[in-house]
1. State yes or no: is Lys257 surrounded by 18 or more Cβ atoms within 10 Å (Cβ to Cβ), modelled with pLDDT of 95 or more and of a type in the set (Lys, Arg)?
2. Among Val305, Val263, Val241, Val259, which is the only one that is among the β-branched types (Val, Ile, Thr) and more than 21 Å from Leu190 (Cβ to Cβ)?
3. Across segment 19-63, what is the number of residues that are in contact with a Ser or Thr (Cβ under 6 Å, 6 or more places away or on another chain), among the aliphatic types (A, V, I, L, M) and not in a loop (DSSP other than H, G, I, E, B)?
4. Is at least one residue of segment 162-183 among the polar types (S, T, N, Q), buried (at least 21 other Cβ atoms within 10 Å of the Cβ) and within 23 Å of Ile64 (Cβ to Cβ)?
5. Is there a residue being touching a Ser or Thr at 6+ places or on another chain (Cβ under 6 Å), polar (S, T, N, Q) and under 19 Å from Thr123 (Cβ atoms) anywhere in segment 300-316?
6. What's the number of the condition Asp284 fails, among (1) under 24 Å from the mean Cα position of the chain (by Cα); (2) of a type outside the set (Val, Ile, Thr); (3) buried (at least 19 other Cβ atoms within 10 Å of the Cβ)?
Amino acid sequence: MLKLPPFNILRPRNRDELNAGIAGCKDEFKFLGGGTDLINNMKKRLYPAASLISLKRVEDLSFITYDQERDQLKIGATTTLTDLAAAPEISNSIPAIAATVATIAAPPIRNRATIGGNLCLDTRCYYYNQSQSWRQLAPICYKCGGDICNAAPGAKTCRAVFSADLPPLLIALGAEITIASGGDTRTIPLADFYTGSGAKPNVLQANEYITAITLNGCKNKKALYRKFRLRKALDFPLAGVALTFDDNPNGKFKNLKIVLNAVASGPLTLAEAALKLDGKAFNDADAIQLAVEAAMAAAAPIANVGSKPFYRKKMIGLLLKKMAAELAAEQEA
Ligand SMILES: Cc1cc2nc3c(=O)[nH]c(=O)nc-3n(C[C@H](O)[C@H](O)[C@H](O)COP(=O)(O)OP(=O)(O)OC[C@H]3O[C@@H](n4cnc5c(N)ncnc54)[C@H](O)[C@@H]3O)c2cc1C
Ligand code: SF4
């Protein structure tokens, strides 16, 4: 069994205590959400952090509100995945969020895991998510400060896989996130949060944390997320597809957004594939085939998680086809 290294932990109860804790932290530190990924990674000695600052008790970071008039949904960063899935504000406005949460890990993990932690989930790789003694058998790779990639020899950069399930759907829905540091805050589109780099998947600076996620104008959007995984009961995605479009009675894609998951080092927004389908009927086989080909061409998996790259590419096409078929069947019913 892997043991945790010694570490300090701060548990601030409000923003003042949080900011004071951040300012006073002399060592390298990490923010702690539910700890369902971070604690495992610390056991594997993946981070040098000697201190953790828990966000869980900070009073104004856990909430869900829906402003009907503005059609605006706001979710606090430490809201647990269980609370997110159970909230009527979610099921009444964007049920696809609850359906996606249901595919993440398992109920005991979702009881602790937070949406903020999901958005900030580290990228994954067979050669990285291993114990320290295992990793010492292989040359030090980009993600650990070295200058090679063990998974893709010759690669110029780390290509660890982005595996968080909520971000692709939230990006397709046009989500924004609020980031705080000290007394300052900034709001950016979630799409701009991700760098596409396996070594540093998001733009957060060391003292920055996410406070909230905002979704505007989603009431009339249809959203879906489907993922391929080896174990249906509990597993990270090996390929995933998120779709959103304007809900309409005509059985057509309108303002379609497609975002792929787990086939690159960040969520992959597909402009070309979406264009092939936009304005087309859910059962337009030719348009679907063109979009499937464009999506498969954009997916760039490598052999560093539990399924072969060619198969994961194939699954991207299959998921997209199945989603269109599902929508067509729903339309006919
Ligand atoms: C067995 C198992 C199966 C899993 N399956 C899935 C799966 O299918 N899909 C999936 O998406 N995930 C999966 N996970 C990963 C994880 O449980 C979830 O992604 C979860 O949402 C992470 O949230 P957390 O609050 O526990 O994050 P933590 O572990 O606390 O933190 C994760 C990272 O986010 C940072 N962080 C946390 N909150 C913030 C914040 N507000 N601002 C800035 N940084 C922050 C931390 O510093 C850390 O780097 C699985 C985990 C396990 C153990
Ligand atoms: S993709 Fe390459 S560089 Fe990145 S963690 Fe894996 S082996 Fe290391």
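The values are calculated or read from the model by the stated rules, or taken from the named source; none is laboratory data. Fair warning: this is a prediction, and the values are worked out from it, not measured in the lab. Heads up, the Cβs are rebuilt from the backbone with ideal geometry, glycines too, and the neighbour counts pull from every protein chain shown.
1. Details: surrounded by 18 or more Cβ atoms within 10 Å (Cβ to Cβ): yes; modelled with pLDDT of 95 or more: yes; of a type in the set (Lys, Arg): yes.
Answer is yes for this residue.
2. Numbers: Val263 fails: more than 21 Å from Leu190 (Cβ to Cβ); Val241 fails: more than 21 Å from Leu190 (Cβ to Cβ); Val259 fails: more than 21 Å from Leu190 (Cβ to Cβ).
Only one candidate passes the filter, namely Val305.
3. Within segment 19-63, the subset in contact with a Ser or Thr (Cβ under 6 Å, 6 or more places away or on another chain) is 25, 27, 29, 32-34, 44, 55-56, 61-62.
Checking which are among the aliphatic types (A, V, I, L, M) leaves us with 32, 55, 61.
Add one more test, that the residue is not in a loop (DSSP other than H, G, I, E, B), and what stays is 32.
Of the residues in segment 19-63, 1 are in contact with a Ser or Thr (Cβ under 6 Å, 6 or more places away or on another chain), among the aliphatic types (A, V, I, L, M) and not in a loop (DSSP other than H, G, I, E, B).
4. So far as segment 162-183 goes, no, none of its residues is among the polar types (S, T, N, Q), buried (at least 21 other Cβ atoms within 10 Å of the Cβ) and within 23 Å of Ile64 (Cβ to Cβ).
5. Within segment 300-316, the subset touching a Ser or Thr at 6+ places or on another chain (Cβ under 6 Å) is none.
No, that holds for no residue.
6. Among (1) under 24 Å from the mean Cα position of the chain (by Cα); (2) of a type outside the set (Val, Ile, Thr); (3) buried (at least 19 other Cβ atoms within 10 Å of the Cβ), Asp284 violates only (1).
So that you can scan it fast, the table gives a plain yes or no per residue for (1) touching a strand residue (DSSP E or B) at 6+ places or on another chain (Cβ under 8 Å); (2) charged (D, E, K, R); (3) without any contact (Cβ under 8 Å) to a residue 24 or more places away in the chain:
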| residue | (1), (2), (3) |
| --- | --- |
| Ala274 | yes, no, yes |
| Asp284 | no, yes, yes |
| Ile288 | no, no, no |
| Glu293 | no, yes, no |
| Val305 | yes, no, no |
| Pro309 | no, no, yes |
| Lys314 | no, yes, yes |
| Leu319 | yes, no, no |
| Ala333 | no, no, yes |
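Per-residue answers, yes or no, for (1) away from ligand 1 (no atom under 16 Å from the Cβ); (2) free of Cβ contacts under 8 Å to residues at least 60 places away in the same chain; (3) closer than 17 Å to Leu260 by Cβ; (4) acidic (Asp, Glu):
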{"site": "Ile140", "(1), (2), (3), (4)": "yes, yes, no, no"}
{"site": "Lys143", "(1), (2), (3), (4)": "no, yes, no, no"}
{"site": "Gly146", "(1), (2), (3), (4)": "yes, yes, no, no"}
{"site": "Ala151", "(1), (2), (3), (4)": "yes, no, no, no"}
{"site": "Ser163", "(1), (2), (3), (4)": "no, no, yes, no"}
{"site": "Glu176", "(1), (2), (3), (4)": "no, yes, no, yes"}
